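Values in this text are rule-based calculations from the coordinates and carry no lab data. A quick note: this is a predicted structure, and the numbers were derived from the prediction, not measured. All Cβ positions, even for glycine, are placed from backbone atoms using ideal geometry, and neighbour counts span all protein chains on display.
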């Protein structure tokens with residue numbers, strides 16, 4: 001409630017400013033148009049990249065230097081450090097990048113983001129770029145409505161550039177007009193206090209606007225119009241770099257621990273660099289003045305000098321902190337612990353059982369059965385079957401007969417966020433436990449480890465058929481729809497049968513139930529082969545349907561075989577009975 005009231009009053013104040021002060025309205029409109037341009041351009045580059053950006057980030061990060069270089073070029077290309085940050089966080093979550101590589105890319109991204117300042121200072125203030133904005137917007141709109149993603153991407157980029165140029169033009173005109181009625185430069189402050197105040201203003205502005213690029217555009221256009229003095233503009237740039245770390249932290253709150261660690265690295269980079277630069281701000285101002293002539297920047301071209309300062313800021317940070325990336329990584333892991341959800345936290349792997357072989361075997365078996373139960377639930381949901389009322393085959397037939405109600409199940413996410421962690425813990429725990437075991441006990445543990453591996457494979461196999469199941473269950477062809485319903489029924493039936501196997505009281509009952517499952521499995525395989533051949537010959541299904549069905553039938557049969565093998569290792573504890581069962585395969 002308080003937040004809504006605060007937002008309401010903020011809008012009232014903004015509305016008052018817009019209505020009462022025309023010059024501020026022009027500047028604020030320029031900021032708004034600039035931000036719209038940034039969003040369009042980012043969306044355009046997303047469409048144009050087509051996965052190339054992701055591949056580059058993954059491929060060219062073999063060491064810290066290449067990671068930093070890749071971060072620089074990719075950010076300079078897409079003109080958005082936020083896109084790069086999102087890709088980095090995504091890759092970290094599926095372990096396509098290490099945290100060290102991710103931090104290196106973020107370091108390089110800081111340098112790449114300085115190219116925005118160069119574009120604004122070189123084009124936005126010395127060239128009347130508004131004349132280029134309208135044609136870009138016109139062609140951008142035309143291309144944006146294309147169905148081709150490439151053309152649509154180009155259209156978005158042109159729209160983005162057009163709006164960015166138009167926004168810069170509005171901001172520059174606003175500051176030029178404002179200077180005639182209100183000399184903001186008269187409020188300039190030099191000395192340590194002035195520097196700290198302007199750093200704070202730059203940081204707050206960036207947090208509010210949520211875009212360091214937009215803040216820099218405002219600073220450069222204000223400096224160009226003479227609304228602020230050079231040293232205050234430098235302080236504002238430092239503040240913008242500090243402010244962007246807070247926006248990164250806010251964005252990381254909804255991400256996993258690796259996202260938070262990357263945000264921490266970003267925060268560390270900018271805070272340490274800002275502290276060093278601020279303490280030596282006049283020396284760095286002199287360095288910019290010294291280097292400017294070598295880059296063709298005139299003595300009084302303060303906007304270009306400001307861009308050079310921004311680049312030096314990031315370069316100093318990279319030079320000073322890149323040798324300590326591993327230390328930053330370790331510190332981030334100490335400060336930001338990995339959160340383990342209840343579903344991904346082992347229930348039975350107690351360290352106290354490691355020295356007791358029988359207790360350790362029981363712990364490993366129970367944890368693997370728990371893993372199987374989680375896998376089974378994910379499999380049934382992937383087949384659009386509700387597990388809350390699925391105890392018997394009659395329950396299953398009732399669900400199959402009803403209209404399919406899709407259950408959104410992301411197996412990859414379930415695997416990476418939960419089951420993979422449990423599986424890894426089982427393997428780790430078993431490896432330590434086997435040190436204290438006899439050869440017979442070690443073999444028993446090896447079988448359980450194998451069953452855990454099969455469970456993970458079964459989950460991934462289910463993912464492979466999930467897409468076709470969802471697709472063909474909506475088909476207008478009743479024959480293909482019926483066949484995929486049969487595949488669902490067969491796979492769910494064997495899961496129900498295995499549950500009965502688990503609940504059997506004696507080992508003899510378990511073995512008998514296992515033989516029933518094996519017989520059903522063999523009959524299903526022979527029946528499916530004959531039916532598919534008949535459907536093809538009678539032209540009841542298309543060739544594309546037939547190939548999908550053949551492949552998915554083979555996958556389902558493979559899943560069933562793995563489930564039977566898993567069940568025999570997990571639920572038949574007596575070695576003699578297991579051997580009897582194996583001889584009857």
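Brief remarks on what is shown
- Backbone N under 17 Å from the residue 386 label point (7 Å along Cα→Cβ), restricted to segment 407-436: 407-409
- With the highest mean first, a sort of the peptides 296-303, 368-375, 414-421, 403-410 on other beta-carbon atoms found within 10 angstrom per residue produces 368-375, 414-421, 296-303, 403-410.
- Cα-projected label distance for residue 204 with residue 141, points at 7 Å along beta-carbon direction, nm: 3.9
- In nm, spacing of pseudo-spin labels at residue 554 and residue 312 (7 Å Cα→C-beta vector): 6.6
- Between segment 427-492 and segment 194-225, the Cα center-to-center distance that results, in Å: 55
- Between residue 359 and residue 453, the contour length at 0.36 nm per residue exceeds the Cα-Cα span by 31.7 nm.
- Compactness ratio for segment 449-519: Cα radius of gyration over 2.2 N^0.38 Å (N = residue count) comes to 1.40.
- Cβ-Cβ distance of residue 407 and residue 519, R₀ of 45 Å, FRET efficiency by 1/(1 + (r/R0)^6): the value works out to about 0.90.
- The three principal axes of the Cα atoms in segment 355-583 give end-to-end lengths of 62, 38, 30 Å, sorted in falling order.
- Residue 65-residue 150 FRET efficiency (beta carbon distance; Förster radius 25 Å; 0.05 resolution): 0.15
- Residue 299-residue 398 pseudo-label distance in nm [points 7 Å out on the Cα-to-Cβ vector]: 9.1
- A protection proxy built from the mean count of other Cβ atoms within 10 Å ranks the segments 216-226, 443-453, most packed first, as 216-226, 443-453.
- The stretch between residue 279 and residue 333, if pulled fully straight at 0.36 nm per residue, gains 16.5 nm over its current Cα-Cα span.
- Full-stretch length increase - residue 351, residue 25 - with 0.36 nm per residue and alpha-carbon distance subtracted: 110.7 nm
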